[in-house]
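Undergrad: I'd like to ask some things about the structure below.
The values are calculated or read from the model by the stated rules, or taken from the named source; none is laboratory data. Source: prediction; values computed, not measured. Using ideal geometry, Cβ is built from the backbone for each residue, glycine included, and neighbour counts are taken over all protein chains shown.
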């Protein structure tokens, strides 16, 4: 199964997920991040959606005016969190299990730190995609 078609193992077959994360499946850092973040203990089932595959979740985010090249999105509790707000919310919701999750929480639970660091992460993603010869999402 390729990365673009994989779903988080936290998702139960046939069950409506408690949260949806829409990310760029061709970005190795984005893909690894969404797979390493531990949310099941704190929020339940999570569906991962590769924005490059399209679908209703991607369409809804794009139609709301959010640019997925500017950041991933989390749909949770009837709200959509995008970019810096998404990373901050994921840090607040993630479980403290594992070194990655503790480090992520230590850095991104602060809204101020998230606002300062997120543009650096986005620049790194865009640079990495260029180095790998991959195009931006360009969904808007």
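Undergrad: If residue 105 satisfies all but one of (1) touching a strand residue (DSSP E or B) at 6+ places or on another chain (Cβ under 8 Å); (2) over 18 Å from residue 26 (Cα atoms), what's the number of the condition it fails?
TA: Evaluating residue 105 over (1) touching a strand residue (DSSP E or B) at 6+ places or on another chain (Cβ under 8 Å); (2) over 18 Å from residue 26 (Cα atoms) leaves (1) as the failure.
Undergrad: Is at least one residue of segment 44-56 out of contact with any strand residue (DSSP E or B) (no Cβ under 7 Å at 6 or more places or on another chain), more than 19 Å from residue 26 (Cβ to Cβ) and touching a residue at least 24 places away in the same chain (Cβ under 8 Å)?
TA: There is at least one residue in segment 44-56 that is out of contact with any strand residue (DSSP E or B) (no Cβ under 7 Å at 6 or more places or on another chain), more than 19 Å from residue 26 (Cβ to Cβ) and touching a residue at least 24 places away in the same chain (Cβ under 8 Å).
Undergrad: Does segment 55-74 hold any residues that are in contact with a helix residue (DSSP H, G or I) (Cβ under 8 Å, 6 or more places away or on another chain), under 11 Å from residue 22 (Cβ atoms) and part of a loop (DSSP other than H, G, I, E, B), and which are they?
TA: Within segment 55-74, 68, 71, 72 qualify.
Undergrad: Could you list, in sequence order, the residues of segment 23-54 that are under 10 Å from the mean Cα position of the chain (by Cα) and part of a strand (DSSP E or B)?
TA: 23, 48, 49, 50
Undergrad: Suppose we keep only residues that are within 18 Å of residue 56 (Cβ to Cβ) and buried (at least 19 other Cβ atoms within 10 Å of the Cβ) within segment 12-39. Which one would you say is modelled with the lowest pLDDT?
TA: First, pick out the residues of segment 12-39 that are within 18 Å of residue 56 (Cβ to Cβ): 14-25.
Remaining after also requiring buried (at least 19 other Cβ atoms within 10 Å of the Cβ): 17, 19-25.
On the way: 17: 83, 19: 93, 20: 95, 21: 95, 22: 97, 23: 96, 24: 95, 25: 94.
For segment 12-39, the residue satisfying everything is 17.
Undergrad: Answer yes or no as to whether residue 114 is over 15 Å from residue 26 (Cβ atoms), touching a residue at least 40 places away in the same chain (Cβ under 8 Å) and touching a helix residue (DSSP H, G or I) at 6+ places or on another chain (Cβ under 7 Å).
TA: no
Undergrad: Filter segment 109-136 down to the residues that are part of a loop (DSSP other than H, G, I, E, B) and either more than 21 Å from residue 18 (Cβ to Cβ) or at pLDDT 95 or above (or both) and list them by number.
TA: Scanning segment 109-136 gives 110, 132, 133, 134, 135, 136.
Undergrad: To continue, here is another question. Give me a count of the residues in segment 57-76 that are without any contact (Cβ under 8 Å) to a residue 24 or more places away in the chain and either more than 22 Å from residue 135 (Cα to Cα) or buried (at least 17 other Cβ atoms within 10 Å of the Cβ) (or both).
TA: 2
Let's see how each residue does on (1) touching a helix residue (DSSP H, G or I) at 6+ places or on another chain (Cβ under 8 Å); (2) over 14 Å from residue 18 (Cβ atoms); (3) in contact (Cβ under 8 Å) with a residue 12 or more places away in the chain; (4) crowded, with 18+ Cβ neighbours inside 10 Å:
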{"residue": "42", "(1), (2), (3), (4)": "yes, no, yes, no"}
{"residue": "93", "(1), (2), (3), (4)": "yes, no, yes, yes"}
{"residue": "98", "(1), (2), (3), (4)": "yes, yes, yes, no"}
{"residue": "107", "(1), (2), (3), (4)": "yes, yes, yes, no"}
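Undergrad: Determine if segment 63-75 includes at least one residue that is modelled with pLDDT under 95 and farther than 21 Å from residue 24 by Cβ.
TA: Checked against the condition, which is being modelled with pLDDT under 95 and farther than 21 Å from residue 24 by Cβ, segment 63-75 yields no hits at all.
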